[in-house]
Structure formats: structure tokens, C-alpha cells
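Since the structure comes first, as C-alpha cells, the remarks are kept for the end.
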Amino acid sequence: MASETIVGEGDNGTTVTLSIASHNVAVIRLPANPTTGFNWAVEQCDAAILELTNEFEPPPRTLCGAGGIAVIKLRPLTPGTTQVRLGYKRSWEHHPASKVFTVTVVVS
């Protein structure tokens, strides 16, 4: 069974180490509100080293316009180091992200 390393807002700019042999998975959990058009998008990641999946957890109560949690899972594929950079922005707008989250991932 895979072990999970939870990464949140306070881990911005840090380094996470994952082991292929131990089936480690990193799970990035960030506040998001797609009802406003904003969502976390991958701006940088070496797809040869990590496989990313993106999900959304809605708020516990159904409130119109309430935000939830973006859940980005990082599964190691091959040894190496890559920077994962996520930008919080509207997909149709062509200016820099309003927020950026970055974590360096070392896979062994």
C-alpha cells in the first residue's frame, strides 16, 4: 500500500522526497474555488519523473459559490529531481497566475 506525504500551503518552496520502492505518493492540498473560474494549473513538472492527477474536494456543506480543496497527487515514475509549479488562474486569461505554489520533488 502506498504511503502519502501531505503537502499544503505552508510547504510552498520546500522539498519533498519520494521513494519508488516504498510506493510513496505526495498529495498537494490547496484551497480552490472553481466557481470563480480560478483553478490550480500545472505550469512546470517533468512528466518523465512524476505522474500528476488533479481532483477537487467540494466544501462539506453545499453553499453556492463556496470554495473547496484542490487535490493534486504526485506519483513517482523514475528517479530524478523536478520542480512542480502550480499557478492559480483562470484558464482563458493570458496573464500571470494570481498565486503560485512550488515544491521540489526528489525521487529515489
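Quick rundown of the values:
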{"quantity": "Residue within the stretch 48-65 that is of a type in the set (S, T, Y) and closer than 20 Å to V25 by Cβ present", "calculated": "yes"}
{"quantity": "Criterion (over 19 Å from G80 (Cα atoms), over 11 Å from the mean Cα position of the chain (by Cα) and touching a residue at least 24 places away in the same chain (Cβ under 8 Å)) met by exactly one of N33, N24", "calculated": "N33"}
{"quantity": "Top-ranked residue of the stretch 33-87 - restricted to ones that are in a strand (DSSP E or B) and of a type in the set (D, E), ranked as farthest from V105 (Cα to Cα)", "calculated": "E57"}
{"quantity": "The listed residue being exposed (fewer than 15 other Cβ atoms within 10 Å of the Cβ), in contact (Cβ under 8 Å) with a residue 60 or more places away in the chain and at positive phi, out of G13, G80", "calculated": "G13"}
{"quantity": "Verdict on S19 being touching a residue at least 12 places away in the same chain (Cβ under 8 Å) and either touching a Pro at 6+ places or on another chain (Cβ under 7 Å) or surrounded by fewer than 13 Cβ atoms within 10 Å (Cβ to Cβ) (or both)", "calculated": "no"}
{"quantity": "Residue in the stretch 26-67 that is farthest from T78 (Cα to Cα), counting only those that are of a type outside the set (G, A, S) and touching a helix residue (DSSP H, G or I) at 6+ places or on another chain (Cβ under 9 Å)", "calculated": "C64"}
{"quantity": "Selection count where residues are in contact (Cβ under 8 Å) with a residue 12 or more places away in the chain and more than 16 Å from the chain's Cα centre (by Cα), scope the stretch 92-106", "calculated": "1"}
{"quantity": "The lone exception for T102 - which of (1) of a type in the set (S, T, N, Q); (2) in contact with a Gly (Cβ under 7 Å, 6 or more places away or on another chain); (3) open to solvent by 50 Å² or more (accessible area, probe 1.4 Å) it fails", "calculated": "(3)"}
{"quantity": "Within the stretch 1-25, tally of residues that are assigned to a loop (DSSP other than H, G, I, E, B) and either in contact with a helix residue (DSSP H, G or I) (Cβ under 6 Å, 6 or more places away or on another chain) or β-branched (V, I, T) (or both)", "calculated": "2"}
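Let's see how each residue does on (1) under 29 Å from H94 (Cα atoms); (2) surrounded by fewer than 16 Cβ atoms within 10 Å (Cβ to Cβ); (3) β-branched (V, I, T):
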residue	(1), (2), (3)
L30	yes, no, no
T35	yes, yes, yes
I49	yes, no, yes
R61	no, yes, no
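The values are calculated or read from the model by the stated rules, or taken from the named source; none is laboratory data. On a predicted model such as this, the values are computed, not experimentally measured, just so you know. Every residue, glycine as well, gets a Cβ built from its backbone with ideal geometry; the counts of neighbours run over all protein chains shown. Surface accessibility is based on the protein's heavy atoms, side chains included, excluding ligands, DNA and RNA. Shrake-Rupley method; radii C 1.70, N 1.55, O 1.52, S 1.80 Å.
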